[in-house]
Amino acid sequence: MIVAVDGGPASRAALDWALARAATVPIRLELTTVVELGWSPVAGPDDDFQPVYERALAEATRFVEKNLPELKTMSVVRRGVPVDELVRAAADADLIVIGTNKTGALAGAVHGTLPLKLAAHAPCTVAVVPAGWVAGGDRVVVGVEDDGTQDAPLGAAAAEADRLGQPLDVVHAWSIPATLGVDFGAAVPYDALIEAHTDIVDRALQRVTAAHPGLAASAVLVQGAAAPVLVEAAATATVLVVGTHGRGAVAGLILGSVSHDVLLNMPCPVLVVPSARPQPGTDRTGASA
């Protein structure tokens, strides 16, 4: 597990969340900070900011040693474009954790727009933790779609619910396609739409309960736009799990409107799971380990 730190309140929230997780999951922890090249005082050398980054990293390391001394921890200073360096680091990670101020006016080295870009490009799951996070929540929520990308988020959400001993809500949002309104006076097949979307969420629930028979899980079908539905459903959640499509360097910049909007209106920590992420027990090609 990699935690990105910069000394600010968002990165402190990310560190707090990561330590809470590390207390229940055997894992190795890497604390990292990225010295952004070319960002320096006017007429000053790039290295003028190096001590600031190193100080933030040292403080985070001391915090871990004080609160979880048995945890195997390493500290790494990277230099370059933050999103590029963190994506490279994520290639060998199971999870990368980053904080966010979750506002529209975003700024900062380790929060701001960086979580959106990192979630779009990282090959592993990205945990985005809002500044000011405190432990709490009574359930895990996962959003599912009918586009062939939901298996990885479902698996990750079920594993989280199992680990936490909490129920899982499998949420699917639906709306009447705009194309149905093209022909004025055409009857909207409301019952057929409900039946089709009920089938989507029921099949997702069946996959979860088959893999985790002891897990308390329920299907939640809501009419409305996906992002607001998920944000409302996760209002009292411990964590919200969403998927991303991994559609390449250019398309990935927008992450997907649902995940993007959720990350800008976070009700709780959000796990963004890439659709192609190998499941535990497999190597990165999908073969059994």
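The values are calculated or read from the model by the stated rules, or taken from the named source; none is laboratory data. Keep in mind that this is a model prediction, so the values were computed, not measured. Positions of Cβ are generated from backbone atoms using ideal geometry, with glycine treated the same way; all protein chains shown enter the neighbour counts. Heavy atoms of the whole protein, side chains included, go into the accessibility calculation; ligands, DNA and RNA do not. Shrake-Rupley method; radii C 1.70, N 1.55, O 1.52, S 1.80 Å.
Between residue 202 and residue 275, the simple label model (points 7 Å from Cα in the Cβ direction) yields a spacing of 2.5 nm. Largest first, the residues 145, 160 sort by 1.4 Å accessible area into 145, 160. Of the residues 84, 146, ranked by 1.4 Å probe accessible area with the largest first, the sequence reads 146, 84. Extension gain, residue 236 to residue 77, is 53.7 nm, computed as 0.36 nm per intervening residue step minus the present C-alpha separation.
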